[in-house]
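Structure first, then comments.
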Amino acid sequence: MDRPNKNVARGEATRSQLLTIATRMFAEHGYEDTSIEAVLREAGVSRGSLYHHFASKEALFEAVAEEVETSVGEQTLAAAAGADSPVAALRAGSLNWIRLAGDPVVQRILLIDAPSVLGWERWRAMEEQHALGGIKAILHVIAEQGKLRPELADTLAHVLLASVNEVALLVARAPDKEAAMKDGAAAIDELFQRLFA
């Protein structure tokens, strides 16, 4: 009876190992220059083991992107957790996302490769699943406080997500990332002051 549990645990360990190695390789070399053979060689597993968990290189990349997106979401929520108001929480989360855009793993996987590898629609759906719901919830609280027309909360959530994502893309592609992060943070502060003053 213990055997199936060991097989499940071994399978989960193999999947986790493949994701860890693939994350590092996709971040270092990009999607195009990361081969399945290189991932297999480093993981020390067979092609069959990889394809048991991931149907293709694209599926492996999508799972990596999903894990990175989840991690970004958790870090963004943690950054917003201590805020003293909904606007401050939204600002803290947005600024944290811009800072995270400076991380080479986040940059390469989520901002540079994901839109082309997954296609814009799938990438956008992933972004919305992780970030949009939280932004909408905060905007509805802000609306309840009278700082925003309630009927605009959902649409404005899309506008803010797009704005913050654009700043993150600027940071990811900037030659001087520190300056880009500083300018991005100032732009987000200005935007929030104008919207919620």
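Each value in this text was obtained by applying a stated rule to the coordinates, not by laboratory testing. Just so it is clear, the model here is predicted, and its values are computed rather than measured. Methodologically, a virtual Cβ is constructed for each residue, glycine included, from the backbone with ideal geometry; neighbour enumeration extends over all protein chains shown.
Sticking with the crude label model, points 7 Å out along Cα→Cβ, report the distance from Val8 to Ser56 in nm, one decimal please.
3.0
Would you calculate, for the chain, the mean residue ellipticity at 222 nm contributed by helices, counting each DSSP H stretch of 4 or more residues as -39,500 (n - 2.57) and dividing by all residues, to the nearest 500?
Values: 10 runs with 148 residues, N = 197.
That calculation yields -24500 deg cm²/dmol at 222 nm.
Given the C-alpha centroids of region 144-178 and region 7-68, what is the distance between them in whole angstrom?
With region 144-178 and region 7-68 each reduced to a Cα centre, they are spaced 32 Å.
Step through the residues of region 127-139 one at a time and calculate ³J(HN,Hα) from phi using the Karplus curve (6.51 cos²θ - 1.76 cosθ + 1.60, θ = phi - 60°), rounding each to whole Hz and writing x for Gly and Pro.
4, 5, 4, 8, 9, 4, x, x, 5, 4, 4, 5, 5
What is the count of Lys pairs in the chain whose alpha carbons sit under 27 Å apart, if the two are 8 or more places apart or on different chains? Don't skip to the end; give the middle numbers.
Numbers: Lys6/Lys57; Lys136/Lys147; Lys136/Lys182; Lys147/Lys182.
Step by step, the pairs that qualify in the chain add up to 4.
Only one of the listed values, [x] 22; [y] 27; [z] 12, was derived from the coordinates as percent of Cα pairs over 32 Å apart; which label is it?
[y]
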